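Below is one structure, written out as structure tokens, with a few remarks after it.
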């Protein structure tokens, strides 16, 4: 199965500018969708789910700054990469960053610079999406507390290979499966410890490598 082509949303009220961006990006392996206003861009983000947004600043109705702020305020698009295409003034660049843009470029965009920045930001977006997908998969099998720990920097340290002596206890409790599925892990462990200490259960000591 072929890999999905990254999708870029280009936002500009000038059709020729959109044509230029399409000509630069499409031959390089990107699918380009377009919007002529900030309001149309918000709708395209919801329906097309782009991997990156390239937005002009000066547009009727909703300008690029306002579009950027709305995308940053939405939990679903908070980490969506946004590049503002600005004039060369320092004030516009500062405002673009304050609005939440990840990067900015001057008009007309240089093709090499454009492709370099797009490639870098999409790589970061894909890495973020992979982490979020793995986090969701972990939460299907682990309690929320354990899943949060495993995906944290502290959890990564805990998962590093180590060797220690452990005790393995084999026991069987009536109704344990249904009990463990509906009970917090801490309470399950308390029951297991209490039951193990009050009943004779075969056990073995071994060395485990993680």
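The values are calculated or read from the model by the stated rules, or taken from the named source; none is laboratory data. These numbers were taken from a predicted model, which means no experiment stands behind them. Note that each Cβ is placed from the backbone with ideal geometry, even for glycine, and that neighbours are counted across all protein chains shown.
Determine whether residue 146 is within 22 Å of the chain's Cα centre (by Cα), part of a helix (DSSP H, G or I), farther than 20 Å from residue 45 by Cβ and not assigned by TED's automatic domain parsing to the domain that holds residue 37. Here the answer is yes, as residue 146 does meet what is asked. Only one entry in 132, 186, 165 is assigned to a helix (DSSP H, G or I) and either modelled with pLDDT under 70 or more than 30 Å from residue 6 (Cβ to Cβ) (or both), namely 186. The set of residues in segment 82-94 that are touching a helix residue (DSSP H, G or I) at 6+ places or on another chain (Cβ under 7 Å) and modelled with pLDDT of 90 or more comprises 82, 83, 84.
Entry remark, segment 69-102: residues being within 19 Å of residue 21 (Cα to Cα) and surrounded by fewer than 18 Cβ atoms within 10 Å (Cβ to Cβ) number 2 in total.
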